[in-house]
1. Here's a check for you: in segment B:9-21, which residue that is basic (Lys, Arg) and in contact (Cβ under 8 Å) with a residue 24 or more places away in the chain is surrounded by the most Cβ atoms within 10 Å (Cβ to Cβ)?
2. Output the number of the condition that A:SER189 fails; it satisfies all remaining conditions of (1) within 14 Å of chain B (Cβ to nearest Cβ); (2) farther than 30 Å from B:TRP232 by Cα.
3. What number of residues within segment B:221-239 satisfy the criterion of being touching a helix residue (DSSP H, G or I) at 6+ places or on another chain (Cβ under 8 Å) and modelled with pLDDT under 95?
4. Looking at segment A:230-240, which of its residues are within 10 Å of chain B (Cβ to nearest Cβ) and either without any contact (Cβ under 8 Å) to a residue 60 or more places away in the chain or not aromatic (Phe, Trp, Tyr) (or both)?
5. Considering only residues that are polar (S, T, N, Q) and part of a loop (DSSP other than H, G, I, E, B), look in segment A:183-237 and name the one that is surrounded by the fewest Cβ atoms within 10 Å (Cβ to Cβ).
6. Check off (1) part of a helix (DSSP H, G or I); (2) over 14 Å from the mean Cα position of the chain (by Cα); (3) surrounded by fewer than 23 Cβ atoms within 10 Å (Cβ to Cβ) for A:SER248 and give me the number that stays unchecked.
7. Mind checking which residues of segment A:115-137 are assigned to a loop (DSSP other than H, G, I, E, B) and more than 20 Å from A:ALA51 (Cα to Cα)?
Protein chains: 2
Amino acid sequence: MKQHTQVGETSWDRKNPRDVRRAARSMGYTGYTAGLAPGHVQANICILPKAWAEDFLLFCQRNPKPCPLLSRSDVGSPRLPSLADDLDIRTDIPRYHIFRDGKFVEEVTDISAYWQDDLVTFALGCSFSFEEALQEAGIPLRFLSNNNVAGVYVSNLPTEPAGAFAAPLVVTMRSFRPSDAIRAIQITSRFPNVHGAPVHIGNPGTIGVDLNNRYQNVGDGTVADGEIPLFWACGLTPQFAVMSAKPSLCITHAPSSMLVTDLRNASLAVL
Amino acid sequence: MKQHTQVGETSWDRKNPRDVRRAARSMGYTGYTAGLAPGHVQANICILPKAWAEDFLLFCQRNPKPCPLLSRSDVGSPRLPSLADDLDIRTDIPRYHIFRDGKFVEEVTDISAYWQDDLVTFALGCSFSFEEALQEAGIPLRFLSNNNVAGVYVSNLPTEPAGAFAAPLVVTMRSFRPSDAIRAIQITSRFPNVHGAPVHIGNPGTIGVDLNNRYQNVGDGTVADGEIPLFWACGLTPQFAVMSAKPSLCITHAPSSMLVTDLRNASLAVL
């Protein structure tokens with residue numbers, strides 16, 4: 001069980017990634033992570049038994065745009081030292097989702113009770129990192145000012161399966177004025193570890209997307225007059241693959257409640 | 001006057017930029033330069049009296065996308081040593097156009113008779129260079145297989161004037177499947193000295209372009225089903241600016257008859 005706030009530990013610095021992890025670990029923080037520790041990489045997490053981990057690693061290797069692997073733990077280790085030296089994956093995420101045989105079981109705030117010596121943790125990049133780069137370049141992301149996220153869609157684009165892991169490509173849509181669309185392609189191309197360049201531009205139907213039919217109604221699907229939609233590979237793709245593989249156990253972060261790392265977003269830029 | 005082919009000088013290597021210049025200089029070659037000296041930079045040329053050259057340099061500095069300056073000569077010098085050590089701008093282009101007070105006067109194959117001690121030569125990058133990079137990346141340029149060029153349009157996008165030099169932005173259109181469009185933006189972004197990234201994507205009307213209304217019917221204006229048009233700044237823009245400034249004398253290359261340089265296209269990539 002997580003410890004709750006100690007006497008004398010009533011405050012934490014929302015801008016400090018170490019404090020965010022400490023708040024999740026021992027101060028009862030169970031909220032969203034958007035806007036916390038600005039400038040730092042937040043990661044999608046998928047934890048699997050070793051028996052499933054090898055094929056999942058292969059799925060990531062074969063599909064780097066939806067599954068940009070930042071770090072994979074040693075078998076049985078709750079540490080990801082390349083992301084933060086104090087990190088304990090069992091406690092440092094505000095909320096977790098537990099899946100058994102591909103089915104959602106429960107949401108928890110600590111997975112110590114589920115930990116096994118054969119578990120392997122995968123940390124995958126997330127579009128929060130490139131959205132920060134877009135904002136710093138002065139490119140408007142309308143949905144952010146409405147406290148929303150990018151629209152999420154299941155496309156008809158394929159991914160390459162690995163063992164039991166298979167999924168359609170899930171995509172996120174962001175729309176821009178044409179000159180900003182060109183700039184957004186340039187900027188996100190610099191960040192291959194957080195989905196990189198878009199996979200599609202323009203007509204949504206070309207990739208089997210109806211903008212009015214968002215996956216679980218998640219995010220903003222509007223395209224304003226004079227704007228053009230861009231579509232990026234989405235980190236929900238590996239979650240679809242895990243559901244199809246039906247591993248005996250799978251633990252993920254809860255949506256919008258990510259692992260906050262010490263890595264700087266800017267450090268992910270390849271140029 | 002140019003010398004014509006000498007005895008023993010009946011052949012030249014179309015792949016060698018020095019030979020191409022020698023053919024134009026002294027072997028009577030007056031044809032197009034497309035396809036000659038593959039892999040090497042071909043340049044747009046504009047020659048102006050010193051009294052006009054300062055403002056033209058400023059126009060280039062203020063509008064680098066349509067006017068990517070590769071080299072400017074010393075006043076009165078016919079040499080451009082950074083482009084080729086044997087280069088003589090008076091003879092090394094197959095055909096030239098002469099303008100007086102902004103009006104076309106004649107086409108010639110040698111400008112020695114027009115040379116003055118106050119002339120300044122500007123060499124500007126050309127889209128041939130990035131088209132080669134697109135082809136090497138396997139991105140089809142349909143118009144090339146039809147021995148055509150990209151469609152040319154006068155847009156309603158502004159440029160920033162300098163002195164008497166003012167022009168609308170002239171653009172070229174190339175259309176691609178969406179995934180190739182994204183790749184084309186990435187590739188051309190690496191070549192800022194040859195127009196760089198597109199200035200517009202998608203709806204032509206947004207920038208005042210009607211695809212059926214090409215400038216002087218130049219190039220291919222078709223967009224196939226499922227394709228999206230991209231628009232790049234075009235080297236005809238500075239020619240429009242020169243016409244509006246009406247310099248006492250202006251000498252340019254004739255269309256499609258460019259200066260062939262020793263620079264490698266690949267050397268222009270910024271990354």
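The values are calculated or read from the model by the stated rules, or taken from the named source; none is laboratory data. From a predicted model like this one, the values you see are computed outputs, not experimental measurements. Heads up, the Cβs are rebuilt from the backbone with ideal geometry, glycines too, and the neighbour counts pull from every protein chain shown.
1. B:ARG21
2. Tallying (1) within 14 Å of chain B (Cβ to nearest Cβ); (2) farther than 30 Å from B:TRP232 by Cα, A:SER189 fails exactly one: (2).
3. Going through segment B:221-239 one residue at a time, the tally reaches 1.
4. If the condition is that a residue be within 10 Å of chain B (Cβ to nearest Cβ) and either without any contact (Cβ under 8 Å) to a residue 60 or more places away in the chain or not aromatic (Phe, Trp, Tyr) (or both), then A:LEU230 is the only one that fits.
5. A:ASN212
6. A:SER248 satisfies all of (1) part of a helix (DSSP H, G or I); (2) over 14 Å from the mean Cα position of the chain (by Cα); (3) surrounded by fewer than 23 Cβ atoms within 10 Å (Cβ to Cβ) except (1).
7. Passing the criteria: A:GLY125, A:CYS126, A:SER127, A:ALA137.
Residue-by-condition table, conditions (1) among the hydrophobic types (A, V, I, L, M, F, W, C); (2) surrounded by fewer than 16 Cβ atoms within 10 Å (Cβ to Cβ); (3) outside the structural domain of A:ASP117 (by TED's automatic domain parsing); (4) free of Cβ contacts under 8 Å to residues at least 24 places away in the same chain:
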| residue | (1), (2), (3), (4) |
| --- | --- |
| A:VAL41 | yes, no, no, no |
| A:ASN44 | no, no, no, no |
| A:PRO49 | no, no, no, no |
| A:LEU58 | yes, yes, no, no |
| A:PRO78 | no, no, no, no |
| A:ASP86 | no, yes, no, no |
| A:ARG90 | no, no, no, no |
| A:ARG95 | no, no, no, no |
